[in-house]
Structures are given as C-alpha cells and as structure tokens.
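One structure is given below, encoded as structure tokens.
The values are calculated or read from the model by the stated rules, or taken from the named source; none is laboratory data. What you see is a predicted model, and the numbers here were worked out from it, not measured in a lab. With ideal geometry, Cβ positions are generated from the backbone for all residues, glycine too; neighbour counts draw on all protein chains shown.
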Ligand SMILES: NC(=O)c1ccc[n+]([C@@H]2O[C@H](COP(=O)([O-])OP(=O)(O)OC[C@H]3O[C@@H](n4cnc5c(N)ncnc54)[C@H](O)[C@@H]3O)[C@@H](O)[C@H]2O)c1
C-alpha cells in the first residue's frame, strides 16, 4: 500500500491473536497495544515508512470473539486457528491462551512459518519452552516473549539509576509483589481466573511470577546463579467463575532468595494472600553502598548516602525520624507509554526491519527454568543452581 502524498509505504502485518478474550489478551494486548498503535496511525520507522498491525482474533467461542471484535473495532475473527495459519497475509502468531495450551499452538504456528510473539510462561516446563526456542530458530522466524515488567516506568527509572552508577556496589534487592485476591466467597468475586489456583491447569504463583523475576534480575542486577524457594498454599479453597467451590492445588505464595552473578542477593516475596501497605503492588528496594532506591510500577524514590538518617534502636521513645519522608522522587523526565505496547512496537519493528529484539524464546525458557527450579527447591528444601541454557 503506498501513501499518496509521498513515496513512503505502509508495511501491514497480519497478526493472529489467540486467547485474546482473556484478561491479558483483551486489555493489555488487543486494546492497549495493537488497537492503540492502530489508532495512532501505526509505528513510524526512521525511513518514514509505517508499520501497521492488522489483527485477526482467534478463540473457541464465536459469540465472544464477535462481541470483542465489535467492541474493539476489529474486522477479522475466526474460531479456526488452522484457517488463520493457512492465510499468508497473517505473518505473526501471538498467544495469550492458558499457559498449558501455549506450546502446541506455537509449534503449529512455527511450522506454518509465522513469526512468534507470546505471553509468559512460554511452556509448562523448561524442556517444552526451550524446544519452542530451538524450533523457531531452525525455522528462521522472528521470536519474542512478553517481558512487560522491564518496560514499567518505575523499573525504567531504576535501570537509569543503575546505569548512571548511582548505587555504587549493589548489595541487595528486596522485591515485594502481591495483593489480596478475593476467594470468591461473600459475593465478592475473585479478581484473578480460577485456573491460577489449580496446578493441573498450569496455575500457581511460582510458575507465574518467577518467570518475571528471572528477566528483571538478569537484565537489571546480574544473572541468577542459584535460588531457594518456599511455596505455600495458604488458602485451601476458593469459589470459581460459576460460583462453585474448588480445592486450591497450586501455591498462592512464594518466598524466594536468589544469588546473582557479581554477589548481589535478591529476595522476592510473591503473594496473592497479602494486603498492601507499601507504595505499590510491586515494589523493589535496592540498597547500594552509595545510596538506595525503591521503585514501584510508575514511581521511584531515592535516598543517597549523604541523606541517609542514622537511626538508633530505642523502642522506649517515639522515633524522631520519619522514615518514609526522607526520600526524593525521580522525576518523569520522559513520557512513558504502556509497557506492553512499547514491547509490541519493538517486536513489530523487529519483524518489519530486523532491528534488535533481545527478548527471544530462549529468554522465555529461562523464566520457565527459574520457576521449575523454584518448585524443585521447594520440594527438596534446598538451594538449587541455575544451569545456563544453550544459545
Ligand atoms: N505478562 C503478564 O504480566 C501476565 C499477567 C497475567 C497472565 N499472564 C499470562 O497470560 C496468559 C493468559 O492469562 P489470563 O490471566 O489472561 O487468563 P484468562 O483465563 O483470562 O484467559 C485465558 C485465555 O485462554 C483461552 N482459552 C483457550 N482454551 C481454554 C480452556 N480450555 N480453558 C480456559 N481458557 C481457555 C480463554 O478463552 C482466554 O482467551 C497466561 O499464560 C498467563 O500466565 C501474563
């Protein structure tokens, strides 16, 4: 398609979006990423050309797909994945289905020669996830996994502090993630899908969150070398989407410690059974020799060495220090877009122009690997080393 005002062209990329009626598929990927990019007129390349995504929604339920297509303003939908894969106009396959369904659909898409972009975890175990990496590499298609947390404004600010040398030597990272997910009792609906609490359906917070902590730690603080992880299923019963009581077979909380290359120690608490008394649903406190920082999803505050108060333990007196007042906000010196959208833009540019995209399916498999080793550590009650996955 050629723009009539100049010689620049529009590169249209047909994207099969599978699992798009779900929580992540609808909100983050379709509405806030793909449709947002379309309504902005596509992604402008340095050459002046424009990359325009053109989605086709795929799922099991035609009525749901038709309703979502109408709501989002999408022209194409189908209940037949094979039909969508056969159409050469569709060059990208995106998957946000339940985790346990991911690998087989992604494999069909690789066989059909589609570029792959998908949600994490990329498989139910390391072998399955790593196979997707090798298959996509052999087929020569572009490949990517969602690693949204590094695109959060709070973590972008943190990365900026790290790169500028603000911290000196980084000693430790404390991650607190979680919030109270209602059980579905007392007519208060749960705010996460019930499969999250059933191991046999790919649920569990270790599988879900250790994938994220892998790329956050590897990209910001140093490769994870070993870990211990203690999981727990604190709440044994919940109520599902149809109002039925079910037994929780998967962990709803995880307490994990990681040793990183370079000596930094990281500890992450992840929980769907915790009430929030902190700045955000995820906070990362980083303590370095020259200063500290606490990042949330959007904000990041710092306390440099020279502004560090000198507390003395004395429970008999009210503290003279207001510990949370003594921090400075890192300013918003740049505009921050939705993190999922930013990563989609990078991936679409990668497909259109071959520009770098570091978040490939090997990175996805590394996340699954950390989760799997976390489960092993919990089962065997010991430290577990993290072997390198071959490139
Ligand atoms: N990147 C992130 O921060 C993040 C956050 C949450 C979830 N996720 C991942 O995204 C994926 C989807 O999670 P979600 O929270 O959107 O789940 P969800 O239950 O809301 O959506 C699941 C999707 O899979 C489809 N599906 C296909 N076959 C199904 C079946 N047999 N049973 C049930 N659903 C079926 C559903 O129709 C729906 O479109 C998961 O792999 C999850 O781990 C990623």
Selection count, region 138-154, where residues are touching a helix residue (DSSP H, G or I) at 6+ places or on another chain (Cβ under 8 Å) and away from the ligand (no atom under 16 Å from the Cβ): 4
Yes/no for residue 107 being within 12 Å of the ligand (Cβ to nearest atom), outside the structural domain of residue 375 (by TED's automatic domain parsing) and not in a strand (DSSP E or B): no
Residue within region 85-98 that is part of a loop (DSSP other than H, G, I, E, B), surrounded by 16 or more Cβ atoms within 10 Å (Cβ to Cβ), at pLDDT 95 or above and assigned by TED's automatic domain parsing to the domain that holds residue 51 present: yes
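Working only within region 36-61, note down all residues that are out of contact with any strand residue (DSSP E or B) (no Cβ under 8 Å at 6 or more places or on another chain) and farther than 21 Å from residue 99 by Cα.
Within region 36-61, the first condition is being out of contact with any strand residue (DSSP E or B) (no Cβ under 8 Å at 6 or more places or on another chain), and the residues that meet it are 36, 39-40, 46-48, 60-61.
Result: 36, 39, 40, 46, 47, 48.
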Qualifying residues in region 65-84 (those that are without any contact (Cβ under 8 Å) to a residue 40 or more places away in the chain and outside any helix (DSSP H, G or I)) - the one surrounded by the most Cβ atoms within 10 Å (Cβ to Cβ): 77
Residues located in region 7-57, provided they are within 16 Å of the ligand (Cβ to nearest atom), under 16 Å from residue 341 (Cβ atoms) and in a loop (DSSP other than H, G, I, E, B): 20
Set 357, 336: member being surrounded by fewer than 22 Cβ atoms within 10 Å (Cβ to Cβ), part of a loop (DSSP other than H, G, I, E, B) and in contact with a strand residue (DSSP E or B) (Cβ under 9 Å, 6 or more places away or on another chain): 357
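Let's see how each residue does on (1) closer than 29 Å to residue 297 by Cα; (2) in contact with a helix residue (DSSP H, G or I) (Cβ under 7 Å, 6 or more places away or on another chain):
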site	(1), (2)
313	no, no
361	yes, yes
384	no, yes
388	no, no
Those residues of region 38-64 which are more than 18 Å from residue 89 (Cβ to Cβ) and in contact (Cβ under 8 Å) with a residue 12 or more places away in the chain, in sequence order: 43, 45, 47, 48, 49, 59, 60, 61, 62, 64
Top-ranked residue of region 206-222 - restricted to ones that are away from the ligand (no atom under 11 Å from the Cβ) and farther than 19 Å from residue 152 by Cβ, ranked as farthest from the chain's Cα centre (by Cα): 222
Scope region 179-196; condition touching a helix residue (DSSP H, G or I) at 6+ places or on another chain (Cβ under 9 Å) and within 13 Å of the ligand (Cβ to nearest atom); matching residues: 181, 190, 192, 193, 194, 195, 196
Which numbered condition residue 47 fails, given (1) modelled with pLDDT under 95; (2) farther than 23 Å from residue 142 by Cα; (3) assigned by TED's automatic domain parsing to the domain that holds residue 93: (2)
Residue check for residue 381: on the phi > 0 side of the Ramachandran plot and either in the same structural domain as residue 205 (by TED's automatic domain parsing) or touching a strand residue (DSSP E or B) at 6+ places or on another chain (Cβ under 6 Å) (or both): yes
Residue 203 vs. criteria without any contact (Cβ under 8 Å) to a residue 60 or more places away in the chain, part of a loop (DSSP other than H, G, I, E, B), within 16 Å of the ligand (Cβ to nearest atom) and in contact with a helix residue (DSSP H, G or I) (Cβ under 6 Å, 6 or more places away or on another chain): yes
Region 124-133, residues that are within 12 Å of the ligand (Cβ to nearest atom) and modelled with pLDDT of 95 or more: 129
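So that you can scan it fast, the table gives a plain yes or no per residue for (1) touching a strand residue (DSSP E or B) at 6+ places or on another chain (Cβ under 6 Å); (2) surrounded by fewer than 19 Cβ atoms within 10 Å (Cβ to Cβ):
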| site | (1), (2) |
| --- | --- |
| 193 | no, yes |
| 196 | no, no |
| 201 | no, yes |
| 208 | no, no |
| 211 | no, no |
| 226 | yes, yes |
Flag if residue 107 is touching a strand residue (DSSP E or B) at 6+ places or on another chain (Cβ under 8 Å), modelled with pLDDT of 95 or more and more than 17 Å from residue 30 (Cα to Cα): no
